[in-house]
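Worksheet: one structure, shown below.
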Amino acid sequence: MIMSEFWYYRESKEPEAKKFMENKPEPDYDLSYSIGERDFVNTGKASSEIKLALKRLGVDNTILRRVAIAVYEAEINVTAHSRGGNIIANIYDNCVHVVFKDNGPGMKDINQSMEPGFSTADEMIREMGFGAGLGLPNIKKNADVLHIESQEGANTFLELVIFYE
Amino acid sequence: MKLKKLLENIEATVLSQKDNIDSIEIKGGYVSDLLSDVLGNAKKGDVWMTIMKHLNVIAVASHTEVSAIIFAKNIVPEKTIIEKAEENGICLISSSLSTFELAGILFALLNSN
Ligand SMILES: Nc1ncnc2c1ncn2[C@@H]1O[C@H](COP(=O)(O)OP(=O)(O)OP(=O)(O)O)[C@@H](O)[C@H]1O
Ligand SMILES: [Mg+2]
């Protein structure tokens, strides 16, 4: 069955993560970025700056690494597979919540996209070193919450949450 | 193990972070040209051996915290990429050997200690 929505909660974080997603409190502050279609030169800025912001908060190095990798994979996907979009990172004292919205064309089947090895990347994307079909699985591996909404012909919405401990 | 020890055993040119080369430690290695594979599997302190030389390798090296990138088969990335690596504290090395040879030498050195 084709689903237009995907939810994942890391089991060990599920209670506090669900509470967070239900309440969505006001962040301490946010950072926002826009991403251009196929702009592989500037993509990577969001993940680097978000990582730096959390580093300043004293967040542990293993968490910084997870945030950087998950955010980088998601920003590359907007660059590579969509017509561009934007990112908002909501910074809290116990977690970071990052939201990616793009201008389509959406995914045919999110569950299929989540499968390791599935990719629709074209020649140009593959030449840049992407297209293994491992980005979304990497995001899931590093995130405590992953939520995706997408369907063919529509915008893709992806949000992730990572707790600092 | 010191990166320096590996460099003594391969034909290599240091492209960036020349001043810090003596202090760089390595714990392992990873060979791949697929960036998401590297993002998912390379460990902090690894040497990443590849023939991929696009700009994105710098962000991948930075996020995975690998100790160095070694480009095989005499591959040298563009000057702007080397500058970006310098800025971000990423050590880039170019070697005439293939990734197969590089990995074999690194594996033997790490396991002889
Ligand atoms: N923002 C998006 N908009 C439309 N389709 C997307 C988007 N993100 C991912 N996809 C689809 O999901 C597939 C799998 O994504 P995933 O990140 O796992 O792999 P990839 O980007 O193809 O390759 P890799 O991430 O390994 O370099 C993509 O090939 C694409 O078809
Ligand atoms: Mg991807």
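The values are calculated or read from the model by the stated rules, or taken from the named source; none is laboratory data. Because the structure is a prediction, the values reported are computed rather than measured. Here the Cβ positions follow ideal geometry from the backbone for every residue, glycine too, while neighbour counts run over all protein chains shown. Accessible surface areas use protein heavy atoms only, side chains included; no ligands, DNA or RNA. Shrake-Rupley method; radii C 1.70, N 1.55, O 1.52, S 1.80 Å.
Selection of the range A:39-78 for residues being in contact with a strand residue (DSSP E or B) (Cβ under 7 Å, 6 or more places away or on another chain), farther than 21 Å from A:Asn94 by Cβ and away from ligand 2 (no atom under 16 Å from the Cβ) yields only A:Lys45. Among the residues of the range A:117-129, the one identified as more than 8 Å from ligand 1 (Cβ to nearest atom) and crowded, with 17+ Cβ neighbours inside 10 Å is A:Met128. The helices (runs of 4 or more DSSP H) located wholly in the range A:1-116 that include 3 or more residues which are more than 13 Å from chain B (Cβ to nearest Cβ) and either acidic (Asp, Glu) or open to solvent by 70 Å² or more (accessible area, probe 1.4 Å) (or both) occupy A:14-23. In the set B:Lys4, B:Lys73, only one residue is over 18 Å from A:Leu64 (Cβ atoms) and touching a Ser or Thr at 6+ places or on another chain (Cβ under 7 Å); that residue is B:Lys73. A:Phe163 meets the conditions (1) touching a Cys at 6+ places or on another chain (Cβ under 6 Å); (2) within 11 Å of ligand 2 (Cβ to nearest atom) in every case but one. The failed one is (2). Taking the criterion of being β-branched (Val, Ile, Thr) and at the interface with another protein chain (Cβ under 10 Å from one of its Cβ atoms), the residues of the range B:30-50 that qualify are B:Val38, B:Thr50.
Scanning the range A:118-133 for residues that are assigned to a loop (DSSP other than H, G, I, E, B) and either within 16 Å of the chain's Cα centre (by Cα) or within 12 Å of ligand 2 (Cβ to nearest atom) (or both) yields a count of 10. Taking the range A:91-108 as the range and being more than 16 Å from ligand 2 (Cβ to nearest atom) and farther than 17 Å from A:Ile139 by Cβ as the test, the residues that pass are A:Ile91, A:Tyr92, A:Asp93, A:Asn94, A:Asn103, A:Gly104.
Checking each residue in the range A:134-153 for being surrounded by 15 or more Cβ atoms within 10 Å (Cβ to Cβ), in a loop (DSSP other than H, G, I, E, B) and more than 12 Å from ligand 2 (Cβ to nearest atom) picks out A:Ala143, A:Asp144, A:Ser150, A:Gln151.
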